[in-house]
Structures are given as structure tokens and as C-alpha cells.
Amino acid sequence: MCRKKTALFIALMLVITSLTGCSRAEKNQETGQITNTAENSQAERESKGDKTKEPTMGRYMEEKVKLPELSANETIIKIIENSEKQIEVYTHTNDKYICYRLKKDKTWENINAGWLNNKLILKENIVINDLCLGNDGNYYAVCTDYSSNSMKSIILKSEDGTTSKPVKIPYLEKEFTKNDYKHYPNIISIQVLEDGSMVLADQWDWKSLYVFSKDGAQIDKVRVGQNEYIQNYITSGENIITVNEDKTGVFFYNPVQKETVKTVDFTVSSEASAYALKKDGTLLLGDKDGIHRMQKDGTLWETIVDGSLNSMSMPTLSISSLFVNEEDPEEYYAVYVVTDGGYELMHYVFNKEVSSVPSKEITVYSLWENSTIRQAISLFQAENSDIKVNYVVAMGEESGNIADYIRSLNTELLAGNGADVLVLDGLPVNSYIEKGVLADIKALIEPMEKSGDLLTNITDAYEKDSKIYQMPVRFSLPLIEGEQEAIKAAASTADTADYIKKLNKKPYYKSTIYKWLLADYLALYSRDLFQNGTLDETKFKSYLQNIKTISENIGATEVNKEEMKSNKLYDQLLGSDNLFPGDMSTYNKKYSASILRVKNITDSMLLFAAIKNNNWEYQSINQMFIPSGMVGLNNGSKESDIAKKFISFLFNKEVQDADVYDGFPVNAKSMNGWIEKENDGISIAVSDKDGNMLSADWPTKEERESIKKIAQSVKEPIETNQILITMIIDEVLPFLKGDIDENQATAAVKAKVNTYLAE
């Protein structure tokens with residue numbers, strides 16, 4: 001049996017993804033948020049100067065449960081808990097389904113999964129999406145049949161664990177139109193109430209849960225918290241437990257009575273959550289922050305497992321299920337979906353011999369959340385249980401002026417304080433080097449470079465005067481695809497403007513807004529605009545004239561105020577991690593070129609598809625790369641040995657292997673692994689409002705090698721000083737809008753920029 005490729009159809013539009021903050025502040029009782037009593041009491045004692053007492057002992061520690069050894073063609077489809085509170089892993093091979101049960105000694109025994117080996121679903125192109133043990137004691141499975149042009153769902157029910165039969169639900173046969181395509185409901189998850197009523201999640205309506213009686217009649221349609229994906233949910237007795245519609249709490253909903261039984265206050269993030277309900281009514285919630293507990297009639301959440309000290313906060317893991325062993329002390333199991341495929345099972349056990357709070361700690365600071373840094377923190381702490389890494393993200397969920405954050409940080413750093421490790425993306429690095437804020441980390445980087453672990457073209461870009469003050473943990477590639485002459489024109493703004501004048505009225509690439517146009521072109525060409533730390537007026541005036549030509553050619557506009565509601569969103573989108581979003585509507589040959597940023601192999605899929613479709617070419621822009629997760633060591637660190645250990649850890653293969661969609665690895669061995677990886681199970685398609693469509697499969701080995709060749713040849717980092725870029729953009733906007741001329745714009749920029757650079 002094989003799984004059919006699932007094409008992801010994306011309506012072509014500008015997608016704005018807000019970067020969520022991940023600094024972990026305490027949460028209070030008034031808002032129903034989380035507290036950690038063990039850590040608070042320890043911190044309180046220390047704040048009072050009482051450091052002579054023994055530390056509070058006892059903490060839940062994480063251990064990874066080794067999953068069953070699978071055959072070459074065997075994959076896991078679901079991990080659940082049976083009626084005896086035993087964990088079961090369901091898998092499939094080419095011709096059958098298998099069940100493994102976890103024994104007390106953490107080994108697995110093979111259990112009959114006969115109920116799934118039903119001839120109805122043992123067919124080509126039928127895939128199981130989900131299965132569960134219902135509150136009625138029966139097993140259920142949800143399948144999708146891809147054998148026809150339209151996907152159809154099948155639901156199986158087993159009352160004896162050996163045989164099964166389909167459940168007839170008329171709703172599943174209803175055809176409807178969405179995005180100009182005809183569909184049937186595509187059920188992707190199922191839970192079952194005590195009376196046999198089925199709670200289903202439909203891929204085409206991720207804001208709702210559908211409830212059907214055991215006879216297939218629709219009982220209710222429950223609105224739930226909106227998200228980028230369908231929310232996790234469980235059932236208990238007669239109730240559904242999940243996130244309420246406005247995402248302010250977890251609610252218990254009775255679909256038969258059509259009423260909310262109760263709501264437990266909880267500010268739900270956009271990340272996945274999982275739930276469990278104990279026999280005494282205690283609610284457990286697992287998310288990236290940890291495992292939290294609310295007593296049946298309580299008002300205060302208590303964090304019993306701190307997610308910042310284990311794998312729960314890793315970007316590559318998304319919690320899908322939470323199980324509890326109610327013995328004293330309680331034990332917990334969490335099931336995670338891995339971003340690049342597969343599952344992980346973690347066991348959380350209380351260890352009274354371990355300090356409740358790690359005895360040592362360092363702080364890492366960044367303007368924005370960086371996924372690789374977050375991933376590395378989790379892995380580092382798993383190997384160093386006595387060290388806590390505090391990750392402070394300035395531009396988190398709170399809005400604010402980015403310049404204010406940087407000034408506040410600068411005050412701390414110049415006073416010899418501040419975070420131990422700095423993620424320098426968007427920060428004034430050159431100023432930090434001149435003022436002695438950053439320490440030389442060449443002794444950390446050089447051994448890894450000499451051993452061949454790091455890409456030398458990246459490390460060479462950061463060695464100056466035999467010293468290294470900064471090093472990126474990731475990098476991405478600004479590429480241009482298009483007609484041959486259009487590609488050559490990307491060498492400078494002058495070349496682009498000259499090429500556009502020969503185009504007649506054909507757009508060079510897709511329209512954008514002024515701020516993003518300026519951010520992209522300042523990133524690419526701003527080095528040419530400064531001489532000896534001051535603005536070159538002649539070059540800047542020419543730059544403005546060229547940008548005006550480009551802006552008019554592509555039809556750039558002022559910001560859409562309805563779409564952009566806060567300065568915070570502007571600041572985030574103008575950051576280095578959001579440069580060159582690209583345009584995937586290149587299949588209609590409307591434009592001469594497209595500038596895009598490639599962060600991983602998946603990013604290149606539509607690039608290569610467009611090249612084939614349009615008979616285009618592609619190349620690097622001036623051998624430039626965009627660094628991400630640029631790390632430096634604070635010269636004033638009080639824990640420099642631990643900070644150095646953490647910085648070195650960032651570049652090891654375990655951290656670098658993970659693809660968290662923030663750039664290519666700088667570790668050479670990890671890069672080779674990415675290039676060698678095959679992924680025949682993925683395909684992507686984009687379409688526009690006119691019905692034009694472009695589909696893409698995983699790039700060929702030759703195509704992947706061409707990406708690698710560029711990655712190994714780039715040598716010019718794109719450096720983004722966030723204050724400087726924002727300053728220039730603010731003064732140039734009136735020029736693009738036609739309110740001032742290039743002389744006035746240049747004078748305004750010069751007055752501000754030269755003063756800033758002289759500070």
C-alpha cells in the first residue's frame with residue numbers, strides 16, 4: 001500500500017506571519033494564567049538575600065521513549081492510549097496495519113490490529129488520517145480515499161478490536177465548492193463521546209467541530225478557536241474539551257445540550273496544545289511552555305513540567321497528545337509530531353534528587369524569535385540539566401518601537417551588563433565591536449572551521465583583523481529568476497533602472513508596497529551609499545532616482561492601512577528574516593523576473609517549477625547571503641564559560657540538522673545531508689484568481705546540487721542595522737509618494753543618518 005502525494009493548493013496572496021514572542025514571563029491568577037510555585041519560591045528567597053538555604057529539590061525530568069523498530073516501508077500513523085491506560089502505536093506497511101503496545105519495562109509487544117486490516121481500506125490510495133479509542137469503548141479510524149479526482153472520507157468502527165465496519169454519515173457524501181474547486185468533506189481527526197456520538201474535524205472548516213450521532217445524524221456544529229490548523233481536542237463523557245472561539249480559555253462543551261458547561265481561563269497561543277482529564281476532574285494542558293494543571297474547582301494554573309527546560313519548546317516538535325499515569329507521584333507521557341515527519345514519545349518523571357531550578361543560568365537576547373536558537377536551547381538543556389538558558393525576545397507579543405528596545409539594550413551593554421549571548425540580527429554590530437561590547441570568538445569558531453565542520457565561505461566573511469566577533473547559525477540565499485537580461489540587470493539599481501526603461505510597460509516583477517521595496521533594495525545595495533561612515537549624497541540621489549523608476553514600473557503603492565494595523569508588524573516585516581518574500585505567480589509570464597529568498601530545499605520547489613515553465617534562468621544576486629541567528633558573546637558576561645559552551649553547541653550537527661525554516665545550515669555536514677535528502681511524498685501547487693496554476697515536486701538531485709553550489713560560493717553578508725534602515729525608509733517615503741524631490745529626501749536622510757553614525 002502506498003500513500004498518495006497530497007498537493008497543497010494555496011490561493012496566491014500576500015501572507016503576513018506575525019512573529020510571536022517567546023520570553024516566558026510569569027502569569028497571574030487574575031488572568032487565569034500560569035505560575036510556577038517552585039521556581040517563584042526559590043527566586044523569592046534569593047531576592048531577599050537568603051542564599052544559604054539548601055535549594056528546593058524535585059523536578060520533572062524528560063526521558064525519550066524509544067519507539068518500536070520499524071521495517072523499511074513501515075510508518076507510524078497514530079499513538080494513542082487504550083482502555084487499560086497503555087500506550088499503543090499504530091503503523092502501516094505496504095499491505096497491512098500493525099499495533100505495538102508499550103510494556104512496563106519500556107519495550108514493545110506486537111498486538112493484533114485486525115480491525116484495521118479491513119479490505120475496504122487496504123487499497124491503493126486510501127490513507128488513515130486519525131484513529132482513537134472512543135469514550136464508548138470502541139475503536140474508530142478516519143480514512144481518506146484518493147482514488148477518484150475528489151477526496152472522500154471513510155469512517156471505520158470496531159466494537160471488538162478484531163473486525164470493523166464503515167459508519168454511514170450522509171454529511172460525508174455532500175459535494176460543495178470552495179476556491180472554485182469541487183470537494184467533499186475531508187475529515188482529518190475524530191473523538192467519540194460516551195453515547196457514541198462522533199466529533200469530527202473537517203479540513204475545509206478548521207474553525208468548527210462537527211458532531212454526529214452514532215447513526216450518522218448531525219447533532220451540532222461547534223465553533224472553536226481559530227488557528228492556522230485545526231485545534232487539538234479531546235472528549236470526556238458527554239463533553240468536548242478544546243479552545244473556545246475567542247481563544248481566551250479552554251471550554252467544556254456539551255453538544256447534546258448545546259451548552260458550555262464551563263470555561264477555564266487560559267490565554268491560548270497559536271502553538272499546538274494537548275489535553276488530559278483526570279478522574280478527579282483535574283484538567284491537564286500541555287503546550288510549548290510545559291504541562292500545566294488546573295484543579296477541578298480551581299482558579300490558578302500551576303506549571304508542573306517546565307517546557308523551557310526540555311524538548312517541549314523545540315520548534316521541530318508539536319504536541320499532539322497528553323497521557324497521565326495517576327499514581328503518586330504522577331507520570332506523564334506526551335506525543336509529538338515532528339515537523340519533517342514522524343513522531344516522538346516523551347516520558348516525564350519526577351526526580352526528587354534534582355534541584356527544582358538549575359543552579360547555573362545564562363541569558364540569550366534577540367530582537368525577534370529565532371527558531372534555531374530556540375531549538376538549540378532545548379537540546380542544550382537536555383544535555384546540561386544544571387543549566388537554564390533564559391531566552392529574552394524583545395519584539396515578542398508586546399508592541400513597541402524597535403529603536404526603544406535597542407537603546408535600552410545599548411544602555412545595559414555599555415554599562416557592562418546585559419545578556420550573555422546576543423543574537424545580533426537587526427542590532428548595530430559595528431558599533432558594538434568599536435565600543436568593545438563583543439568578545440572575540442575566533443577560538444570557538446576556528447577549530448570547527450579547520451575540521452571541515454563549518455562552511456569556510458561563511459566563516460571567512462566574518463573574520464577581520466584575525467578576529468571573529470559574530471557568526472550566523474543559519475543563512476539564506478537572495479536569488480533572482482527570470483529572463484537572462486533581467487537577471488543581469490540585478491547587479492545594481494542603475495542596471496535595473498536601465499533595463500526597465502527598455503521594457504516598455506512590462507513589470508520587472510510583482511507589485512509591492514513602498515516600505516518593503518525600500519527594505520529589500522537597501523539590503524542589497526546600501527553598502528554603495530556610504531563612504532567612511534557618512535552618506536554619499538551623489539550616489540544616494542542616483543539610488544533614489546533608480547528606486548523611483550523601479551517603483552513606478554511595478555506599480556508599488558503606499559501601505560494598505562487595513563492590512564497593516566501596527567508599527568510592530570512593520571518592524572517585524574522589515575527585519576532581516578522577512579526580506580525578499582518572493583512572488584510565486586511567475587507561471588503566467590506576466591513579469592520579467594522575480595526576486596525571492598530561499599531558506600531550504602522546500603523553498604526551491606516552486607523556483608525550479610517556474611524556471612521550467614517559463615524557460616527562465618536563476619542565479620545569486622552579487623554572491624550575497626542573508627545571515628540569520630547572528631550570535632555574539634557579550635564581553636561583560638558573568639558566565640562566559642557557559643556562554644561559550646552554548647555558542648559552540650549552536651554549530652554542532654544535531655542542532656544544524658534540524659530544518660526549522662529559518663535558513664540553510666552553516667555546518668557543512670548538515671548541508672550535505674539536506675542536499676542528499678529525497679522527499680517524494682511532497683508536492684506543492686499555487687493558483688491565482690484567474691485560475692492559473694503552477695505545481696512543483698521535490699527538486700531533482702541535480703537541482704539540489706545547483707543550490708548547494710550557490711550556497712558554497714556566496715561571500716557577501718547582507719547586514720541589517722534596523723534603526724538605520726527604518727530611519728532611511730521614513731525619510732524616503734515622502735519622495736516615493738511624490739511629496740518631496742530627491743534633493744529634499746537626500747538632505748533629510750543625511751541629517752539623520754550622519755548624526756546616528758557619528759554616535
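A short reminder: the numbers here are calculations on the coordinates, not readings from a lab. Worth saying up front: this structure is predicted, and the values here are computed from it rather than measured. Cβ placement follows ideal geometry from the backbone for every residue including glycine, while neighbour counts extend to all protein chains displayed.
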Problem - 220, 739, 297, 420 arranged by Cβ crowding within 10 Å, fewest neighbours leading - result: 297, 739, 220, 420
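For a protection proxy built on the mean count of beta-carbon atoms within 10 angstrom, sort 373-380, 633-640 highest first, please. List each step's numbers first, then the result.
Working: 373-380: 23.9, 633-640: 18.5.
Result, highest mean first: 373-380, 633-640.
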Completion exercise
residue 641 and residue 148 label points (each 7 Å along its Cα→Cβ direction) are spaced in nm at 7.0 nm
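Counting pairs of alpha carbon atoms under 8 Å apart in space and at least six apart in sequence, what relative contact order in percent does segment 128-230 give?
21 percent
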Handout entry: Estimated distance in nm for a label pair at residue 403 and residue 74, the labels positioned 7 Å out from Cα along Cα-to-Cβ
Key = 6.2 nm
Completion exercise
With the 8 Å Cα cutoff and a minimum separation of six or more residues, the chain has a relative contact order in percent of 13 percent
Handout entry: Kirkwood-based shape ratio for segment 651-719, expressed as Rg/Rh from alpha carbons
Key = 1.06
Completion exercise
Over its alpha-carbon atoms, segment 633-691 yields an Rg and a Dmax in Å of 18.6, 60
Practice task
Place the peptides 447-459, 468-480 in order of packing, highest mean first, counting for every residue the other Cβ atoms within 10 Å and averaging per peptide.
Solution key: 468-480, 447-459
Problem - segment 44-175: projected area of the alpha-carbon convex hull, averaged over directions, in nm² - result: 14.1 nm²
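Convex hull over the Cα atoms of segment 225-337, averaged projected area in nm²?
Details: hull surface 28.5 nm².
Orientation-averaged projected area of the Cα hull: 7.1 nm².
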Problem - Partners for residue 541 among lysines (Cα-Cα distance below 17 Å; same-chain residues under 8 apart left out) - result: 737, 750, 752
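Taking the Cβ of each residue in 547, 433 as the centre, tally the other Cβ atoms inside 10 Å and list the residues starting with the fewest.
433, 547
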Problem - Average silhouette area of segment 620-759, convex hull of alpha-carbon atoms, in square nanometres - result: 14.5 nm²
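Relative contact order of segment 632-755: what whole-number percent is it, with Cα pairs under 8 angstrom and at least 6 residues apart? Write out the running numbers ahead of the final one.
Working: 67 pairs, mean separation 14.6, N = 124.
Reported as a whole number, the value is 12 percent.
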Handout entry: Cα-Cα separations in segment 424-537 greater than 17 Å, expressed as whole percent
Key = 70 percent
Problem - Dimensions (Å) - segment 351-503, Cα atoms, principal axes, largest first - result: 74, 43, 34
Fill in the blank from the handout: For residue 104, counting only lysines whose alpha-carbon sits under 17 Å away and dropping same-chain residues fewer than eight positions off, the answer is 64, 66, 85
Practice task
Compute the separation of the alpha-carbon centres of segment 444-466 and segment 487-517 and state it in Å as a whole number.
Solution key: 36 Å
Exercise for the section: Mind checking the full-extension length gain between residue 103 and residue 195? Use 0.36 nm per residue of separation minus the Cα-Cα distance, one decimal, nm. Expected result: 30.1 nm
Exercise for the section: Highest first, please rank the peptides 435-441, 625-631, 353-359, 249-255 by the mean number of other Cβ atoms sitting within 10 Å of their residues. Expected result: 625-631, 249-255, 435-441, 353-359
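Counting only helical runs of four or more DSSP H residues, what would the 222 nm mean residue ellipticity of the chain come to if each run contributes -39,500 (n - 2.57) and the total is spread over all its residues?
On the way: 18 runs with 186 residues, N = 759.
Mean residue ellipticity, 222 nm, calculated: -7500 deg cm²/dmol.
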Fill in the blank from the handout: Quick numbers on segment 298-376, Rg and Dmax over C-alpha atoms in Å, give 14.9, 43
Handout entry: Fewest-first ranking of 236, 604, using other Cβ atoms within 10 Å as the exposure measure
Key = 236, 604
Exercise for the section: Determine by what factor the alpha-carbon radius of gyration of segment 101-200 differs from 2.2 N^0.38 Å, reporting the quotient. Expected result: 1.21
Practice task
Mind checking which aspartates and glutamates have their Cα closer than 15 Å to the Cα of residue 669? Skip sequence neighbours fewer than 8 apart in that chain.
Solution key: 449, 453, 654, 657, 659, 705
Handout entry: In nm, spacing of pseudo-spin labels at residue 352 and residue 279 (7 Å Cα→C-beta vector)
Key = 2.3 nm
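Using a Förster distance of 30 angstrom, determine the FRET efficiency expected from the C-beta separation of residue 412 and residue 648, and round it to 0.05. Walk me through the intermediate numbers first.
Values: r = 24 Å, r/R0 = 0.82.
After rounding to 0.05, the efficiency reads 0.75.
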Exercise for the section: Would you tally the net charge around residue 443, using a Cβ to Cβ cut-off of less than 11 Å, leaving residue 443 out, and scoring K and R as +1, D and E as -1? Expected result: +1
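Would you kindly state how much longer the chain becomes between residue 295 and residue 360 on full extension, computed as 0.36 nm times their sequence separation minus their alpha carbon distance, in nm to one decimal? Don't skip to the answer; put the middle values down first.
Values: separation 65, 0.36 × 65 = 23.40 nm, distance 3.21 nm.
Taking residue 295 through residue 360 to full extension adds about 20.2 nm, to one decimal.
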Fill in the blank from the handout: Quick calc, residue 693 & residue 111: beta-carbon distance into FRET formula, R0 45 Å, rounding 0.05, result 0.50
Problem - segment 166-282 - convex hull of alpha carbons, volume per residue in Å³ - result: 111 Å³
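Which FRET efficiency value, to the nearest 0.05, is calculated for residue 538 and residue 739 with the Förster distance at 25 angstrom and r the Cβ-Cβ distance? If you can, show how the numbers build up before the last one.
Working: r = 23 Å, r/R0 = 0.90.
It comes out at approximately 0.65.
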Problem - Label-reachable residues, segment 107-133, where backbone N falls under 14 Å from a point 7 Å from residue 325's Cα toward its Cβ - result: 107-108
Handout entry: P(r) of segment 336-399 over all Cα-Cα pairs, binned every 5 Å from zero, in whole percent
Key = 4, 13, 18, 20, 18, 17, 9, 1, 0
Completion exercise
If N is the residue count of the chain, its Cα Rg over 2.2 N^0.38 Å rounds to 1.01
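Test of understanding: what is the full-extension gain from residue 338 to residue 173, defined as 0.36 nm times their sequence separation minus their Cα-Cα distance?
Details: separation 165, 0.36 × 165 = 59.40 nm, distance 3.25 nm.
My answer for the length gained is 56.2 nm.
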